[in-house]
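See below for the structure under consideration.
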Amino acid sequence: MHAEIISIGSELTTGAKLDTNSQWLSRELAGIGIPVHYHTTVADDLAANVDVLATAVSRADVVLITGGLGPTQDDLTREALAEMLAVPLELDESSLEFIRGLFASRNREMPERNSVQAMFPRGTQPIPNHRGTAPGIWAEIPRDQGRLDCKLAAMPGVPSEMYKMFQQQVVPKLQNEEGPAQFIRSARINCFGPGESQAEQWLAGLTARGRDPEIGITVSKATITLRITAHGASSEECECKIQESKTLIYERMGQSVFGEEDQELQHVVIDLLAQRNQTLATAESGTGGLLAHHLTEIDALGQAYLGGIVAPTDSAKTDLLAVPADVLAAHGPISGEVAEAMAVGCRTRLSADYALAVTECPASAGEIAPATVPCAYIALASDSEAISRRITLGGDPGITRARVAKAALNLLRLFMTGGLSTD
């Protein structure tokens, strides 16, 4: 059994809004052993809706629809379903009474247009909505060639309404009494340092198609996430497969692995500082406070992060961080020497155990290779030494700055865990 998720709304196809319902439903379906093969997004167009629904019913055992159940002219889900099934729409009195009662409970008169929300294709069943005026629609659609009926649920596009409807009313209709025919479990391992192709080379056959567990690679702003998805006859079997793959990943990826699931580099750094009762301060030029932003996002920040200084100009470096003018003159603002002086000055100024610094991050030349490859420098100052690293830049400036900020956090992580190379 596999599923298709259909998200309806021109606000999605135009990019005005982001479809998060499909992501959430995919994870929920995996939890009950139903893999998703297709995500489809369609605009508020009746013919397009009918075509998409017919295609989905023909190729998926479970079809979940979100959106298009409101009272306005552009809410076409019920009409498209009726046309696809070749049946009329019929009024369900109990649904209409519920909608009227909902308006009355809010001391509002129900507009006549809302009565359309109590119309259902003949042969389908209403799914009560306990949080809004749009009931869902349930159908089991016969298919030819001896295949199982397609189970279809249309739900509101409003996430809070859809979540409750799916969990409380749709899931029981999808599950067998004996439990799921298969279990699907997943895990994520996060890495920083190598590129995507380098990571795949290190992983070798682990990312091969058809392997169970499947291991996929996703890259977002220089963080590599390894997605492990296991199938099995029990949850325990899936977890065993995942653990075996985790062991192999840790062996092959080595120090580039920094966390799992939702852990980011800043979480790991703050945890390390808290464990040692140590503190951190930051000095930034090209990242403009991005390091500080990442660190202050953490709820359990405690006393680990003392603050940051943004010093985008030479005079700010001299005045705020005590970077010697002769060092700036001799080496230029984008240099390892200045990065180290920034880190030392920041550590002294804020009385921290460690300080991280980032120099300016010059914009790359885009698609044309520059004569001199742009770069930035990061540096770490501790009570015993100051070290710097050169970071080659390129690509979108937003991603570049994120990569440089993460490189600085990773420099401290490796220093504190003893994994820092000498190059």
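The values are calculated or read from the model by the stated rules, or taken from the named source; none is laboratory data. Computed from a predicted structure; not experimentally measured. So basically every Cβ, Gly included, is an ideal-geometry build from the backbone, and we count neighbours across all protein chains shown. Calculation scope for accessible area: heavy atoms of the full protein, side chains included, ligands and nucleic acids excluded. Shrake-Rupley method; radii C 1.70, N 1.55, O 1.52, S 1.80 Å.
Of the residues making up segment 103-132, those that are open to solvent by 30 Å² or more (accessible area, probe 1.4 Å), among the aliphatic types (A, V, I, L, M) and touching a residue at least 12 places away in the same chain (Cβ under 8 Å) are Val116, Met119. Whether any residue in segment 318-338 is within 27 Å of the chain's Cα centre (by Cα) and at pLDDT 95 or above is what I want to check. Taking every residue of segment 318-338 in turn, none turns out to be within 27 Å of the chain's Cα centre (by Cα) and at pLDDT 95 or above. Could you tell me whether Thr223 is touching a Phe, Trp or Tyr at 6+ places or on another chain (Cβ under 7 Å) and polar (S, T, N, Q)? For Thr223, the condition - touching a Phe, Trp or Tyr at 6+ places or on another chain (Cβ under 7 Å) and polar (S, T, N, Q) - is met. Return yes when Thr40 is surrounded by fewer than 22 Cβ atoms within 10 Å (Cβ to Cβ), hydroxyl-bearing (Ser, Thr, Tyr) and in contact with an Asp or Glu (Cβ under 8 Å, 6 or more places away or on another chain) and no when it is not. Yes; evaluated as a whole, the condition is true for this residue. Any residue in segment 312-323 that is open to solvent by 70 Å² or more (accessible area, probe 1.4 Å) sitting within a Cβ distance under 9 Å of a residue that is of a type in the set (S, T, N, Q)? List the pairs, counting only those 6 or more apart or interchain. Listed by first residue and then by second, the contacts come to Pro312/Ser285; Ala322/Thr348. Could you say whether any residue in segment 138-157 is of a type in the set (Val, Ile, Thr), within 36 Å of the chain's Cα centre (by Cα) and either modelled with pLDDT under 90 or open to solvent by 80 Å² or more (accessible area, probe 1.4 Å) (or both)? Checked against the condition, which is being of a type in the set (Val, Ile, Thr), within 36 Å of the chain's Cα centre (by Cα) and either modelled with pLDDT under 90 or open to solvent by 80 Å² or more (accessible area, probe 1.4 Å) (or both), segment 138-157 yields no hits at all. Could you check segment 376-423 and list, in sequence order, the residues that are more than 23 Å from Thr279 (Cα to Cα) and surrounded by fewer than 19 Cβ atoms within 10 Å (Cβ to Cβ)? Once the filter is applied, which keeps residues that are more than 23 Å from Thr279 (Cα to Cα) and surrounded by fewer than 19 Cβ atoms within 10 Å (Cβ to Cβ), segment 376-423 yields Arg390, Thr392, Gly394, Gly395, Asp396, Pro397, Gly398, Ile399, Thr422, Asp423. Restricting segment 299-315 to residues that are out of contact with any strand residue (DSSP E or B) (no Cβ under 8 Å at 6 or more places or on another chain) and among the hydrophobic types (A, V, I, L, M, F, W, C), the residue that is nearest to Lys406 (Cα to Cα) is Leu301. The number of residues in segment 1-28 that are surrounded by 15 or more Cβ atoms within 10 Å (Cβ to Cβ), within 30 Å of Phe183 (Cα to Cα) and touching a residue at least 60 places away in the same chain (Cβ under 8 Å) comes to 11. Of the residues contained in segment 53-71, none is found to be touching a strand residue (DSSP E or B) at 6+ places or on another chain (Cβ under 9 Å), open to solvent by 20 Å² or more (accessible area, probe 1.4 Å) and under 17 Å from Met155 (Cβ atoms).
Filtered by the rule that a residue be β-branched (Val, Ile, Thr) and assigned to a loop (DSSP other than H, G, I, E, B), segment 148-172 gives a lone residue, Val158. Within segment 277-295, can you find the residues that are open to solvent by 50 Å² or more (accessible area, probe 1.4 Å) and either in contact with a strand residue (DSSP E or B) (Cβ under 7 Å, 6 or more places away or on another chain) or part of a loop (DSSP other than H, G, I, E, B) (or both)? Across segment 277-295, the qualifying residues are Asn277, Gly288. Of all the numbered requirements in (1) on the phi < 0 side of the Ramachandran plot; (2) not in a strand (DSSP E or B), Asn107 misses one, and that requirement is (1). Scanning segment 86-102 for residues that are touching a Lys or Arg at 6+ places or on another chain (Cβ under 8 Å) and within 17 Å of Trp138 (Cβ to Cβ) yields Val87, Leu89, Glu90.
Scanning segment 346-375 for residues that are hydrophobic (A, V, I, L, M, F, W, C) and modelled with pLDDT under 95, we see that the one that is surrounded by the most Cβ atoms within 10 Å (Cβ to Cβ) is Cys361.
I'd like to know if segment 207-214 contains one or more residues that are among the polar types (S, T, N, Q), over 26 Å from Ala405 (Cα atoms), at pLDDT below 95 and surrounded by 14 or more Cβ atoms within 10 Å (Cβ to Cβ). Within segment 207-214, one or more residues are among the polar types (S, T, N, Q), over 26 Å from Ala405 (Cα atoms), at pLDDT below 95 and surrounded by 14 or more Cβ atoms within 10 Å (Cβ to Cβ). On inspection, Leu265 fails the criterion of being out of contact with any strand residue (DSSP E or B) (no Cβ under 8 Å at 6 or more places or on another chain) and either of a type in the set (A, V, I, L, M, F, W, C) or in contact (Cβ under 8 Å) with a residue 60 or more places away in the chain (or both).
Taken together, Gln201, Gln255 contain a single residue that is touching a Leu at 6+ places or on another chain (Cβ under 9 Å), at pLDDT 90 or above, farther than 25 Å from Pro35 by Cα and open to solvent by 70 Å² or more (accessible area, probe 1.4 Å), which is Gln255. You will find that of Gly307, Gly216, Gly259, the residue that is in a strand (DSSP E or B), without any contact (Cβ under 8 Å) to a residue 24 or more places away in the chain and out of contact with any Gly (no Cβ under 7 Å at 6 or more places or on another chain) is Gly216 and no other.
Among the residues of segment 23-68, those that are closer than 19 Å to Glu83 by Cβ, in contact with a Lys or Arg (Cβ under 9 Å, 6 or more places away or on another chain) and among the hydrophobic types (A, V, I, L, M, F, W, C) comprise Val57, Val63.
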